[in-house]
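Visitor: Pasting a structure below so you can have a look.
The values are calculated or read from the model by the stated rules, or taken from the named source; none is laboratory data. As the structure is a prediction and not an experimental result, all values here were calculated from the model. Virtual Cβ from ideal backbone geometry, glycine too; neighbours counted across all protein chains shown.
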Amino acid sequence: MAAFWRCTMTFRNTVVGTLSQNVLYMEDASETKTPDTIRALLESDWWGTTAGSALRALSSFQSQLFGISLQKIAPAPPGGTIPVSPSLTTGNIGVAPFHPVLGFCFTLLDGGAGRKHRGRIYHCSTPANQILNGVPSSGALALFATLRTNWLNSFGPLPTTGLSWNIFHRDEVGDARFTKVTDFRISPVVRVQRRRNIGVGF
């Protein structure tokens with residue numbers, strides 16, 4: 001029986017102060033990882049240890065990993081939300097975000113067919129120079145190819161971190177609520193995430 005964690009990553013624009021979030025579902029097959037261990041793995045392998053690694057390599061220098069909250073949601077009963085403090089590091093690209101609402105969208109796939117087998121996350125603070133005429137630039141696509149390899153190595157079905165990224169299915173029950181992510185794609189056009197607009201949410 002594996003443990004499943006709901007991991008909420010909060011990002012802050014260091015110039016205008018807007019906040020945005022990504023929610024990840026991670027599976028710990030060993031059931032041994034502590035919240036601080038999970039925080040460290042997310043910070044090092046999902047966000048990036050150095051400015052040029054993982055998602056930091058594709059993020060504006062104005063995007064700061066501002067907070068992480070963890071909740072063990074399986075096995076039942078779910079636990080309380082545990083806030084843990086990251087190192088407040090920022091993205092690598094020295095260009096301001098294109099727009100607080102527009103940016104890259106990453107599609108998560110679990111190997112099955114149909115909408116039920118897809119998830120998505122929106123990139124926080126996509127740099128303006130990584131978008132060209134409404135689509136990811138060639139440079140952004142190259143950075144994403146490296147990111148995809150790194151994320152699959154770290155959090156794919158055979159994760160080097162011991163944490164497997166999962167898609168959460170709200171209409172299912174038990175362990176059927178979770179399916180392992182087997183691949184990622186970047187949307188061919190930038191997407192709108194209206195809940196991140198200035199003055200909306202938080």
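Visitor: Criterion first (touching a Lys or Arg at 6+ places or on another chain (Cβ under 9 Å), closer than 17 Å to THR8 by Cα and surrounded by fewer than 17 Cβ atoms within 10 Å (Cβ to Cβ)) does GLY112 satisfy it?
Guide: Spelling it out, it is not the case that GLY112 is touching a Lys or Arg at 6+ places or on another chain (Cβ under 9 Å), closer than 17 Å to THR8 by Cα and surrounded by fewer than 17 Cβ atoms within 10 Å (Cβ to Cβ).
Visitor: Name every residue in the range 77-95 that is of a type in the set (Gly, Ala, Ser), out of contact with any Ser or Thr (no Cβ under 6 Å at 6 or more places or on another chain) and at pLDDT 90 or above, in order of residue number.
Guide: Result: GLY80, SER87, GLY94.
Visitor: Okay, next question. How do the pairs read when you match residues in the range 87-109 that are under 29 Å from THR179 (Cα atoms) with residues anywhere that are hydroxyl-bearing (Ser, Thr, Tyr) and buried (at least 20 other Cβ atoms within 10 Å of the Cβ), using Cβ under 7 Å and keeping only pairs 6 or more apart or on different chains?
Guide: Filtered contacts from the range 87-109: GLY103/TYR122; GLY103/THR126; PHE104/THR126; CYS105/TYR122.
Visitor: Within the range 24-49, restricting attention to residues that are touching a residue at least 40 places away in the same chain (Cβ under 8 Å) and not in a helix (DSSP H, G or I), which residue is farthest from the chain's Cα centre (by Cα)?
Guide: SER30
Visitor: When you check LEU70 against the structure, is it in contact with a helix residue (DSSP H, G or I) (Cβ under 8 Å, 6 or more places away or on another chain), closer than 16 Å to CYS7 by Cα, surrounded by 19 or more Cβ atoms within 10 Å (Cβ to Cβ) and not aromatic (Phe, Trp, Tyr), yes or no?
Guide: yes
Visitor: Then there is this: Is one or more of the residues making up the range 146-154 surrounded by 14 or more Cβ atoms within 10 Å (Cβ to Cβ), modelled with pLDDT of 95 or more and more than 25 Å from TYR25 (Cα to Cα)?
Guide: Looking through the range 146-154, none of the residues is surrounded by 14 or more Cβ atoms within 10 Å (Cβ to Cβ), modelled with pLDDT of 95 or more and more than 25 Å from TYR25 (Cα to Cα).
Visitor: Kindly indicate the residue of the range 19-30 that is farther than 19 Å from SER154 by Cβ and out of contact with any helix residue (DSSP H, G or I) (no Cβ under 7 Å at 6 or more places or on another chain) and also surrounded by the most Cβ atoms within 10 Å (Cβ to Cβ) among those meeting that condition.
Guide: Result: GLN21.
Visitor: Could you check GLY139 against (1) exposed (fewer than 15 other Cβ atoms within 10 Å of the Cβ); (2) closer than 23 Å to SER20 by Cα and say which number it fails?
Guide: Of everything listed in (1) exposed (fewer than 15 other Cβ atoms within 10 Å of the Cβ); (2) closer than 23 Å to SER20 by Cα, GLY139 misses just condition (2).
Visitor: For the range 47-63, give me each residue that is more than 19 Å from ARG6 (Cβ to Cβ) and in contact with a Gly (Cβ under 8 Å, 6 or more places away or on another chain).
Guide: Listed by number, the residues that qualify are ALA51, ALA54, ARG56, ALA57, LEU58, SER59, SER60, PHE61, GLN62, SER63.
Visitor: Inspect the range 137-148 for any residue being under 27 Å from PHE66 (Cβ atoms), touching a Pro at 6+ places or on another chain (Cβ under 6 Å) and either in a loop (DSSP other than H, G, I, E, B) or basic (Lys, Arg) (or both) and give the result as yes or no.
Guide: no
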